[in-house]
Structure formats: C-alpha cells, structure tokens
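Comments concern the structure below.
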Number of protein chains: 2
Amino acid sequence: MTKIEQAYAPIGVFDSGVGGLTVAREIMRQLPNERIVYFGDTARVPYGNKSKETIIRFSRQIIRFLKAKGVKALVVACNTASALALEEIQPKLDLPIIGVLKPGAKAAAEATKNGKIGVIATEGTIASQLYTKVIQTHAPRAQVFGKACPLFVSLVEEGWSNDPVTLQVAHRYLEPLTESGIDTLILGCTHYPLLTGIIRQVTGDKVTLINPAYETTRGLHKMLKEHGLLNDGAYLPEGDVHQFYVSDAADKFKKLANYILPYDIDTTQLIHIEEY
Amino acid sequence: MTKIEQAYAPIGVFDSGVGGLTVAREIMRQLPNERIVYFGDTARVPYGNKSKETIIRFSRQIIRFLKAKGVKALVVACNTASALALEEIQPKLDLPIIGVLKPGAKAAAEATKNGKIGVIATEGTIASQLYTKVIQTHAPRAQVFGKACPLFVSLVEEGWSNDPVTLQVAHRYLEPLTESGIDTLILGCTHYPLLTGIIRQVTGDKVTLINPAYETTRGLHKMLKEHGLLNDGAYLPEGDVHQFYVSDAADKFKKLANYILPYDIDTTQLIHIEEY
C-alpha cells in the first residue's frame with residue numbers, strides 16, 4: 001500500500017460500549033474527510049470495574065479486529081482502556097494510536113488557574129492514578145482530586161440524565177471536589193458529557209469542564225498529519241463512509257447510539273470479539 | 001464412574017458475577033454434604049442488559065468449563081441466564097440442570113392470596129416474560145406485574161444498600177407495583193435480596209417477598225434425589241470443599257464475595273472463559 005492509499009484507509013475507534021460514539025461524533029465534526037471503523041464491546045461492557053489484566057486482554061482482541069479491517073490509526077475512545085491498557089499496548093504496535101486520557105489531562109493542566117483539578121471517572125481509571133501523573137508532567141505543582149462515579153453510567157443508561165435522583169447522586173460525588181476548590185473538572189468517562197447539565201448545577205459556572213473527546217480529536221489530527229496519514233478528501237469510497245461493529249446487538253445499545261450520533265446506525269454489525 | 005462415585009462429584013453453580021454466591025450460600029446451608037464448583041463471569045458482568053444470543057453463548061462456554069471440572073449437576077444461579085438461555089440449553093444437555101426462575105415463580109404462585117404478583121428483575125429477564133409464563137402455568141388466573149430495576153445492581157455494588165438515594169430509587173421502581181395491589185413480590189435478580197431492608201420499607205409488611213435462592217435449593221435437592229446423585233456424606237474429599245472461579249479478579253468482586261459468603265474466598269482462581 002502506498003502512503004497515499006494508506007491515507008484513505010479508515011481510523012479504528014473503540015470503546016467498552018457505545019459511549020465512545022461521543023468521540024466518533026467529534027472526529028466526524030473536526031475531520032469530515034476521515035472514515036471510521038467503530039467497535040463497541042457491548043457484550044462485555046462496562047470496563048470501569050474490571051482489572052487491568054482483563055482490560056489489556058480485551059483491548060488486544062479489539063485491536064486485532066480493527067487491524068483486520070485495514071485501519072491506518074487507532075483511537076482508544078474509552079477512558080478506562082486508555083488508563084489501563086494503552087501504555088502496555090503501544091510499544092509493540094505498528095500503528096499510531098491515541099487515547100482519550102492524555103489529551104484531556106493536558107487540556108486541564110492548561111486550563112486551570114489555581115492549579116486544582118478534579119477528575120471524575122470509573123473506578124479503574126481513578127485507581128490507575130494516570131490522570132494525576134499526566135497532569136503533573138504538564139503542571140508539576142497541580143493538585144489533582146480524583147473521584148470514581150460508578151453510578152453515573154447506569155443513570156445515563158437508565159435514561160435519567162436529567163432526573164432529581166441523578167442530581168442527588170451528583171451532589172454526593174462532586175461536593176468533595178468543589179469543596180477542595182477545584183477550578184477545572186475532567187469528565188473522564190465517555191458517558192459523563194451526557195450529564196453536563198446536572199454536573200454544571202453542582203459545580204456552578206466557575207469550574208471549567210473538560211470533555212476529552214474534543215481534545216483527543218485535535219490530538220488525532222496532529223498525529224495523522226505527522227505520519228502523513230491525513231485524508232485530503234480526494235478519494236470518495238463507495239458505500240457507507242463509516243462502519244459500526246458491536247459484540248452484542250441489544251436494542252438498548254442501538255437506542256443510546258442513535259441518541260449520541262446524528263443519524264440512524266441500524267446497519268451496525270455483530271461480531272464475536274473473543275475470536276480475535 | 002459408578003453411580004456412587006458420581007454422587008460424590010461437585011455441583012456446578014454459575015452466575016454473571018458474584019451475586020450468585022447467595023445461591024451457593026443457600027446450597028451450603030441446606031445441603032451441607034455437597035461440594036460446589038462456582039463460576040462468576042466477572043469479566044463480562046452484567047448480563048441483565050445484553051441480548052439472548054449473547055447470554056446463550058456465554059452460558060454454553062461456562063457449562064463447557066464446569067463439565068471439564070467434572071460436575072454432576074448444574075445450577076444457573078443467574079436470573080437473566082435462567083430466563084434467556086436455560087430453555088435453549090437444556091434439551092441437548094447430558095446433566096441435570098436447574099435455574100432460579102422456575103422455583104421462584106412456583107413459590108410465588110403458591111404464596112399469593114389475591115393472585116397479584118410483582119416481579120423485579122433485570123431488563124433481559126423482564127423482557128423475556130418467562131416469569132409471567134411460568135407463574136401462569138401454576139396459577140392460570142394470576143396477574144403478573146413486571147418491573148426492570150437496572151440501577152439496583154449498581155447501587156448494591158456501590159455499597160449503598162442502605163442509603164437514602166437507594167430508598168428513593170426503590171420508591172420510583174416499586175410504587176407502580178404496590179399501587180397495583182400485589183401481595184407477593186419475586187426478588188428476581190441475585191443482588192436484590194441484599195436490598196431486602198429498603199424494599200421492605202416501600203412494600204410494607206403485607207407483601208410476601210420471594211427469594212428464589214431458597215426455593216431453587218429445595219428444587220436442587222429434589223432433582224439430585226431423583227437422579228440418585230445426592231451425596232450421603234460418606235466420602236470426604238481432600239483439600240478445599242468448594243472451588244471458586246472468576247473470569248476477572250478485580251478486588252471489587254472479592255470484597256462483595258466475602259460480604260455474601262461467611263468465609264474468605266481468597267483462593268478464587270482466574271480463568272479465561274472465552275477459551276471454553
């Protein structure tokens with residue numbers, strides 16, 4: 001494959017489920033010439049409460065699947081996989097790869113004025129302490145306050161994104177952070193941007209909310225450019241521009257997917273990821 | 001293997017995670033001569049929001065694993081797998097098998113006085129309508145009111161089993177059932193008996209709560225007897241009486257397991273279930 005042909009290859013994007021479509025949506029917006037092959041591991045979702053060893057194993061299977069689809073680069077759209085698996089996987093990989101964690105951490109380090117940054121994420125991401133480490137490489141004196149918010153994903157998936165119960169849970173989770181005086185908060189799980197309204201009610205307007213999807217796509221743009229892999233738009237593929245794969249095709253996930261993406265993804269294909 | 005040797009073989013018990021240990025605990029209590037090989041699919045938990053096809057595939061892998069461990073009978077300790085996979089799997093199986101759904105449904109049909117029965121369970125179990133079908137084979141005129149309570153599992157796993165937020169969620173989920181005039185309520189998910197206190201606060205004392213673990217163990221006893229597979233206690237195996245396997249060994253699951261079982265299960269072994 002020549003370099004030019006390679007630039008027309010799609011980008012592989014994966015997540016534990018459909019939450020990572022918030023990242024895919026951002027790529028479609030910022031990089032409209034790029035094609036996406038998306039994989040959501042809906043048969044094994046969630047990743048947030050599982051061990052590092054398991055998340056590495058799952059991520060390796062998914063990357064083998066996406067490579068078989070001929071992708072030119074990889075985006076780990078899942079915070080937990082970015083925190084637990086990316087460092088382990090990257091050294092032996094022959095494709096450029098970017099996770100959502102480092103771009104979000106860097107943006108927070110740049111945004112904070114008082115050096116106090118909050119991170120909300122899954123238990124796995126918080127336990128890894130990787131957000132703290134990366135923030136402190138950019139802002140060595142920053143104080144980072146992490147808080148696992150495991151109920152947030154369930155509340156979004158229950159359709160209670162704008163519900164008094166969710167507001168009460170948000171108060172419980174976020175008040176220790178606001179009391180610490182944070183001026184910046186990283187929404188460190190793909191579902192959390194869907195709770196921006198509720199989170200904003202607790203933090204008030206003075207806390208900057210960082211959505212890693214936006215920063216990651218900027219980082220992806222830069223990475224593709226550096227590797228000469230940016231699609232210039234001269235080549236239009238036949239058929240569907242984007243491809244969506246899941247490991248479980250329950251209606252529930254389709255509904256959430258259609259809620260996140262601006263079009264119907266009824267053409268989602270089911271695969272058995274453990275065979276990869 | 002002679003019939004007597006076979007009776008000394010262990011019973012295979014499986015669940016999507018560690019919640020099914022409530023069933024294992026009941027077996028240990030009612031059938032103290034029996035040994036258990038327990039498998040909790042903690043790498044792929046939860047099952048409740050996944051499709052029938054996926055749950056059947058996962059259950060088949062687990063049964064292959066348990067058969068390799070030489071079990072004499074199987075207990076599906078997961079309501080979702082009992083609802084979505086058992087009917088499909090049973091006909092081709094060469095071992096006696098029992099799920100938690102039918103014994104719980106039968107007990108409810110026997111307990112109700114006014115013929116109005118509530119069922120709380122996962123989305124998968126409720127959507128299958130199997131509780132309704134089985135209840136109506138025992139009590140044809142019974143009215144069954146099903147309600148999926150997906151947040152309950154997350155709330156238990158967050159450690160909020162006795163929390164005002166959980167009480168509020170319980171009111172939201174259960175009030176449509178109590179308003180329907182139910183006098184019997186099936187706790188149709190292994191985690192729910194851990195919320196009995198909260199559920200009781202909403203339903204009051206006049207609603208009979210059915211815990212399928214108890215009824216299932218009575219059914220297991222009968223099934224083993226009929227097949228001549230009951231252990232008479234004459235043979236004492238060397239080493240550990242019970243064996244515990246999981247597909248992910250995160251600390252979170254160990255903690256919940258030790259909370260359910262009366263002893264420390266630090267000897268839990270990790271296996272890769274997708275290889276079976």
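The values are calculated or read from the model by the stated rules, or taken from the named source; none is laboratory data. All values derive from a computational prediction rather than experimental measurement. Reconstructed Cβ throughout: ideal geometry from the backbone, glycine too, with neighbour counts over all protein chains shown. To get the accessible areas, we keep the full protein, side chains included, count just its heavy atoms, and leave off ligands, DNA and RNA. Shrake-Rupley method; radii C 1.70, N 1.55, O 1.52, S 1.80 Å.
Data for the structure
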| item | result |
| --- | --- |
| Pair-distance profile P(r), taking every C-alpha pair of the range B:1-134, with 10 angstrom steps and integer % | 12, 42, 33, 12, 1 |
| Full-extension gain in nm, residue B:226 to residue B:133, via 0.36 nm per residue minus C-alpha separation | 30.9 nm |
| GNM top mover of B:232, B:248, B:15 - chain B, alpha-carbon springs below 10 Å | B:232 |
| Pair residue B:64, residue A:64: separation of 7 Å Cα→Cβ label points (nm) | 1.5 nm |
| Filtered trypsin sites (Lys or Arg not before Pro), the range B:78-131: DSSP coil and at most 10 other beta carbons within 10 Å | B:113 |
| Long-range HN-HN contacts of residue B:146 with modeled amide H, under 5 Å | B:119 |
| Cut-off under 5 Å, modelled amide H: who pairs with residue A:244 long-range | A:38, A:269 |
| Value of relative contact order over the range B:102-212, rounded to a whole percent, pairs C-alpha under 8 Å and six or more apart | 36 percent |
| Efficiency of FRET between residue A:114 and residue B:168 - r from beta-carbon atoms, R0 25 angstrom, step 0.05 | 0.10 |
| Selection from A:150, A:166, A:134 lying farthest towards where the dipole of the range A:120-182 points positive, charges on Cβ | A:134 |
| Theoretical ellipticity at 222 nm over chain B - DSSP helices of four or more residues, -39500 (n - 2.57) apiece, nearest 500 | -13000 deg cm²/dmol |
| Cα centre as origin, Lys/Arg/Asp/Glu Cβ charges: the range A:102-212 dipole, Debye | 500 debye |
| Cut-off 14 Å between beta-carbons: net charge of the residues surrounding residue A:23, Lys and Arg +1, Asp and Glu -1 | 0 |
| Acute angle (nearest 10 degrees) that the helix A:212-226 long axis makes with the longest principal axis of chain A, alpha-carbon atoms | 40 degrees |
| Sparse-neighbourhood loop sites, GluC sites (Glu not before Pro) in the range A:186-256 - DSSP loop, at most 11 other Cβ within 10 angstrom | A:238 |
| Where the range B:102-212 is the region considered: accessible area per residue in Å², 1.4 Å probe | 41 Å² |
| Per-residue ³J(HN,Hα) for the range A:172-189, Karplus 6.51 cos²θ - 1.76 cosθ + 1.60, θ = phi - 60°, Hz, x for Gly and Pro | 4, 6, 8, 4, x, 6, 5, 5, 6, x, 4, 10, 9, 9, 8, 8, x, 7 |
| Distance (nanometres) between label positions extended 7 Å along Cα→Cβ at residue B:53 and residue A:240 | 1.4 nm |
| Chain A - charge dipole about Cα centre, Lys and Arg +1 at Cβ, Asp and Glu -1, debye rounded to 20 | 740 debye |
| Percent of alpha-carbon pairs separated by more than 30 Å within the protein assembly as shown | 53 percent |
| Chains B and A together, accessible area buried on both sides, 1.4 angstrom probe, square angstrom | 2900 Å² |
| Over chain A, relative contact order from alpha-carbon pairs under 8 Å, at least 6 apart, % | 26 percent |
| Rounded to the nearest 20 debye, dipole of the protein assembly as shown from Cβ charges on Lys, Arg, Asp, Glu | 20 debye |
| Hypothetical label at residue B:251: residues of the range A:74-88 whose amide nitrogen lies under 19 Å (7 Å Cα-Cβ projection) | A:80-81, A:83-85 |
